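Colleague: Just passing along the structure, written as structure tokens.
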Amino acid sequence: MKNKRIHRSSGVTIIEVLFSIGIVITGLLGVAGLIMVAGTQMTQGLEADAMSNAGLNAIAEFDTRNMRRPDNMLWYNSNTNTFTSVLSNTLFGPGDDGMWGTAGHDDDFNGIQDDISEAGYSGSDDIPSPSLCIDPYFIAKQVVDKNTRIYESNTFPGIQIPAGNPNQIMTMRRVTLKNPAFATQILSLLQSREIFIAKDDLAFNTPASGTELPQQQWITEGLGGPAVKRLNQAETSWLATLTPNRNRMNVAAARLEKTDHYLLSIVIFDRRFVDFIDPNSGPLKDRLLNIAFLNRGFGGGEVRLSHSDPAALDLRHGDWVMLSANSQIGPFHRWYRITYIEEETETTTDTLGNVTGHYRNATLQGPDWSRPEWHPVVSGGTPQYPTHVTYIPRVIGVFEKTIRLESTSLY
């Protein structure tokens, strides 16, 4: 009798099936995670693209709209309840004829005595070049809203400084521009929106059906009339800060150096908050933080940001802040990007265990903040001129460029 070979039927076991299902599920979860990461990166890319376009357009608008000219800038004078030229001696004095220069004195030796061409020079008893924040959109909104807190419209950051300024807080004047049609009036809210809000973020209607394409929104001439202009989301806007690009002091004369060179910073916002009369708007307003440098301010570097209210330290990676401080050669204001910030907010306590403040360690990216008077001589000491941090929510980028005021001499 011949031996019969028994062939076992091939197949898979339950264990193998379960392993296969686990591998497939792991792969699908990885794909789902990649989709989420890709969506986040796409959003960041679109935001960066909008910021880049808005910044480049803003620099062009800055020159086109004569924003280099001090005689085109106005500030709100609460004493007269009127908008006044920044060249008035009420603001920067002490020129007898309302100019930055001394009356009847040719400070820059260009043959013209004390007129607008003297702006920015510090010869004789002139006032040094001031820092300015050009923000017509914000100012026009406060005028329309009848915001009675004048310091919010008049200074940047818009905070109220205690009498005597015991903490040496440095601010700059917030100014607007003349109305081209009426030189004694400021830009209206509509005019300032046209200039300071980007128009590249076009608005679309998304149909309920997934098979239909989005439709672009248009401003029409009357109900059902012809389309005259594409409508935009109005989410990207900007302001400009100007600070003297001053590096040294005339030691012999004990005066600040003459300069008409300014550092122009174009500050880009995404969905900027300007409704300052809203009683619940506190978390979205300008705020000041204290800062301690952990590496003497080289490249921004490692810092400790602190405040008495932990909610004020609600910052994220990628946010922007402005450092401000006085110095032996005048006030400085520079913008820095937060490249890293610790997740947890720590507390400081006194010897009795009482909470005295809150802080978060962060890393700033930007130019050196390294003048010796901004840092204590010994560890744990007090600097001659303290630095403060201005944080404004929703700033997504800052473009910097060195410029000259058009009203000054080219020689």
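Colleague: Could you pull out every one of the strands (runs of 3 or more DSSP E) wholly within the range 254-359 that has 1 or more residues that are among the hydrophobic types (A, V, I, L, M, F, W, C)?
Modeller: Values: elements: 261-270, 287-293, 300-307, 320-325, 332-341, 346-349.
Strands (runs of 3 or more DSSP E) meeting the threshold: 261-270, 287-293, 300-307, 320-325, 332-341.
Colleague: Looking only at strands (runs of 3 or more DSSP E) that lie completely in the range 186-251, which have at least 3 residues being touching a residue at least 60 places away in the same chain (Cβ under 8 Å)?
Modeller: Fully inside the range 186-251 and qualifying: 236-244.
Conditions tested, residue by residue: (1) closer than 28 Å to Lys199 by Cβ; (2) modelled with pLDDT under 90.
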{"site": "Thr64", "(1), (2)": "yes, yes"}
{"site": "Phe83", "(1), (2)": "yes, no"}
{"site": "Asp96", "(1), (2)": "no, yes"}
{"site": "Ile116", "(1), (2)": "no, yes"}
{"site": "Ser122", "(1), (2)": "no, yes"}
{"site": "Gln142", "(1), (2)": "yes, no"}
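Colleague: Check off (1) at pLDDT 65 or above; (2) open to solvent by 80 Å² or more (accessible area, probe 1.4 Å) for Lys4 and give me the number that stays unchecked.
Modeller: It is condition (1) that Lys4 fails.
Colleague: Something else now. When you scan the range 60-68, do you find a residue that is under 21 Å from the mean Cα position of the chain (by Cα) and small (Gly, Ala, Ser), even just one?
Modeller: yes
Colleague: Can you pull out every residue in the range 186-195 that is of a type outside the set (Lys, Arg) and open to solvent by 40 Å² or more (accessible area, probe 1.4 Å)?
Modeller: Listed by number, the residues that qualify are Ser188, Leu189, Leu190, Gln191, Glu194.
Colleague: Among the residues of the range 46-86, write down those that are among the hydrophobic types (A, V, I, L, M, F, W, C) and surrounded by fewer than 16 Cβ atoms within 10 Å (Cβ to Cβ).
Modeller: Here is the first cut: in the range 46-86, the ones among the hydrophobic types (A, V, I, L, M, F, W, C) are 46, 48, 50-51, 54, 56, 58-60, 62, 67, 73-75, 83, 86.
Within the range 46-86, Leu46, Ala48, Leu56, Ala60 qualify.
Colleague: Could you look through the range 147-167, keep only residues that are more than 17 Å from Ala325 (Cα to Cα) and assigned to a loop (DSSP other than H, G, I, E, B), and pick out the one that is modelled with the lowest pLDDT?
Modeller: Taking the range 147-167 as the starting set, the residues that turn out to be more than 17 Å from Ala325 (Cα to Cα) are 147-154, 163.
Remaining after also requiring assigned to a loop (DSSP other than H, G, I, E, B): 147-149, 163.
Details: Asn147: 93, Thr148: 91, Arg149: 92, Ala163: 88.
Across the range 147-167, the extreme among qualifying residues is Ala163.
Colleague: Considering only the range 175-185, state which residues are outside any loop (DSSP other than H, G, I, E, B) and open to solvent by less than 30 Å² (accessible area, probe 1.4 Å).
Modeller: Val175, Thr176, Leu177 - these are the residues of the range 175-185 that are outside any loop (DSSP other than H, G, I, E, B) and open to solvent by less than 30 Å² (accessible area, probe 1.4 Å).
Colleague: Now for a different question. Name the residue that is farthest from Glu47 (Cα to Cα), counting only residues in the range 196-235 that are touching an Asp or Glu at 6+ places or on another chain (Cβ under 6 Å) and surrounded by 11 or more Cβ atoms within 10 Å (Cβ to Cβ). Talk me through it step by step, then tell me what you get.
Modeller: Of all residues in the range 196-235, those touching an Asp or Glu at 6+ places or on another chain (Cβ under 6 Å) come to 201, 228, 232-233, 235.
Still in the list and also surrounded by 11 or more Cβ atoms within 10 Å (Cβ to Cβ): 201, 232-233, 235.
On the way: Asp201: 10, Asn232: 15, Gln233: 13, Glu235: 11 Å.
My answer is Asn232.
Colleague: Can you confirm whether Thr211 is within 17 Å of the chain's Cα centre (by Cα) and β-branched (Val, Ile, Thr)?
Modeller: no
Colleague: Among Met36, Met67, which is under 16 Å from Trp238 (Cα atoms) and either without any contact (Cβ under 8 Å) to a residue 24 or more places away in the chain or not in a helix (DSSP H, G or I) (or both)?
Modeller: Step by step, each of Met36, Met67 is checked, and only Met67 is under 16 Å from Trp238 (Cα atoms) and either without any contact (Cβ under 8 Å) to a residue 24 or more places away in the chain or not in a helix (DSSP H, G or I) (or both).
Colleague: Then there's this: Restricted to the range 326-376, and to residues that are small (Gly, Ala, Ser) and farther than 26 Å from Val267 by Cα, which residue is least open to solvent (accessible area, probe 1.4 Å)?
Modeller: Restricting to residues being small (Gly, Ala, Ser) and farther than 26 Å from Val267 by Cα, the top hit is Gly357.
Colleague: Under 9 Å between Cβ atoms, which residue pairs at least 6 apart in sequence (or on different chains) link something in the range 277-303 that is without any contact (Cβ under 8 Å) to a residue 12 or more places away in the chain with a partner that is open to solvent by less than 40 Å² (accessible area, probe 1.4 Å)?
Modeller: Close Cβ pairs satisfying both conditions: Asn295/Gly301; Asn295/Val303.
Colleague: Would you call Val144 outside any loop (DSSP other than H, G, I, E, B) and open to solvent by less than 40 Å² (accessible area, probe 1.4 Å)?
Modeller: When the stated conditions are applied, Val144 does not pass them.
Colleague: If you don't mind, another one. Take the conditions among the aliphatic types (A, V, I, L, M) and surrounded by fewer than 19 Cβ atoms within 10 Å (Cβ to Cβ) and apply them to Leu284. Does it pass?
Modeller: Spelling it out, Leu284 is indeed among the aliphatic types (A, V, I, L, M) and surrounded by fewer than 19 Cβ atoms within 10 Å (Cβ to Cβ).
The values are calculated or read from the model by the stated rules, or taken from the named source; none is laboratory data. Computed from a prediction, not measured in an experiment: that's the story for all the values here. Here Cβ is always computed from backbone atoms with ideal geometry, including for glycine, and neighbour counts include all displayed protein chains. These area figures cover heavy atoms from the full protein model, side chains too; ligands, DNA and RNA do not enter into them. Shrake-Rupley method; radii C 1.70, N 1.55, O 1.52, S 1.80 Å.
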